[in-house]
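Please read the structure below before turning to the comments.
The values are calculated or read from the model by the stated rules, or taken from the named source; none is laboratory data. Owing to the predicted nature of the structure, the values given are computational and were not obtained by experimental measurement. So basically every Cβ, Gly included, is an ideal-geometry build from the backbone, and we count neighbours across all protein chains shown. For accessibility, only protein heavy atoms count, side chains too; no ligands or nucleic acids. Shrake-Rupley method; radii C 1.70, N 1.55, O 1.52, S 1.80 Å.
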Amino acid sequence: MWIARPHRRPEPVELDAALTSVGLTDPRPVLVVVGGAAHLSEAVAPVLLTLFERIAPQLDALGAAVIDGGTAFGVMALMGRARRCAGARFPLIGIAPQGAVAIDSGKPDQPAGKDGKARLDPNHTHFMLVPGDAWGDESPWISAVADRFARGRGSLMLVAAGGEITRLDVMHRLRSGGRVLVLAGSGGTADRLVDRRRNGAAGLDTGPADLDAEAPERALIHILDLADAGDHLPGILARALAP
């Protein structure tokens with residue numbers, strides 16, 4: 001586990017130090033997974049778990065790493081479970097704000113630790129705790145670590161459901177020039193983004209922050225129906241993350 005010194009934006013030298021400190025020195029293609037946490041639909045969760053289990057061996061074969069929010073909720077817990085069940089070996093890196101997570105292990109079946117803070121998912125292999133007490137403080141770090149770790153290798157953000165924090169994750173990724181693949185039919189932010197993308201609207205304009213996507217950023221957004229993801233996502237990953 002690596003814990004950052006407090007400052008507002010990640011610097012390249014600190015990103016390098018963080019990756020080195022957790023033993024991640026060799027560049028890899030990176031899949032970033034963001035989306036629903038505590039309120040992920042009970043109907044969507046098993047579909048995502050099956051999808052993640054299907055792509056886990058492929059991520060190994062591609063020599064890829066996965067980055068997400070690292071807690072024992074929603075898509076993050078599902079990715080950790082899928083990695084374990086598939087016997088996969090890819091690095092699974094959780095990035096979260098220091099003040100919002102519990103460092104203690106807690107009970108395995110409980111997603112909250114001391115003081116009601118989110119518990120880190122035990123199936124992740126690495127953690128980076130970044131400055132901040134609120135969810136969303138980690139959003140720029142997720143994108144920055146992905147770019148620094150990939151070092152020119154392929155990268156892709158996969159979006160499933162989600163709320164306001166997912167919207168921030170997506171907008172930070174778009175602003176850094178990263179490609180975003182949205183799972184239509186997964187709910188929440190993902191479906192709102194799909195609706196705006198398909199109808200030519202400016203972007204995700206809900207919530208207090210004004211983070212609309214400009215036209216060049218919208219071109220980085222791609223859509224895949226959740227019902228078809230099992231058939232098409234492996235091919236998309238092969239193209240996006242191949243050497």
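The table for this structure:
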{"item": "Residue-by-residue Karplus 3J(HN,Hα) for the range 55-63, coefficients 6.51, -1.76, 1.60, Hz, glycine and proline x", "result": "8, 4, x, 5, 4, 4, 4, 7, x"}
{"item": "Mean residue ellipticity (222 nm) of the chain, computed from DSSP H runs ≥ 4 via -39,500 (n - 2.57), nearest 500", "result": "-12000 deg cm²/dmol"}
{"item": "H222 long-range amide H proximity, modeled H, under 5 Å", "result": "V180, L181, V182"}
{"item": "Protection-proxy order for peptides 15-27, 86-98, each taking the mean of Cβ atoms within 10 Å per residue, highest first", "result": "86-98, 15-27"}
{"item": "Sites I103 and T50, calculated FRET efficiency, Cβ-Cβ separation with R0 25 Å, nearest 0.05", "result": "0.20"}
{"item": "Share antiparallel - DSSP beta bridges, the chain, percent rounded to 5", "result": "5 percent"}
{"item": "Three-way shape call for the chain based on the alpha-carbon gyration tensor, with the a/c threshold at 1.5", "result": "rounded"}
{"item": "Per residue solvent-accessible surface (Å²) - the chain, probe of 1.4 Å", "result": "44 Å²"}
{"item": "Debye, to nearest 20: dipole size of the chain, +1 on Lys, Arg Cβ, -1 on Asp, Glu Cβ", "result": "460 debye"}
{"item": "Loop trypsin sites (Lys or Arg not before Pro), the range 140-174, which have at most 14 other Cβ atoms in a 10 Å radius of their Cβ (DSSP)", "result": "R151"}
{"item": "Among P29, V66, A184 - extreme Cα towards positive end, dipole of the chain, charges at beta-carbon", "result": "P29"}
{"item": "Additional length obtainable on full extension of the chain from A242 to T20, 0.36 nm per residue less Cα span", "result": "77.6 nm"}
{"item": "Sulfur and carbon atoms: percent of accessible area, the chain [1.4 Å]", "result": "50 percent"}
{"item": "In Hz, Karplus ³J(HN,Hα) per residue of the range 150-163 (6.51, -1.76, 1.60; θ = phi - 60°; x = Gly, Pro)", "result": "5, 6, x, 6, x, 8, 7, 9, 9, 10, 10, 6, x, x"}
{"item": "Part-to-part distance (alpha-carbon centres) for the range 137-155 and the range 9-31, which is given in Å", "result": "9 Å"}
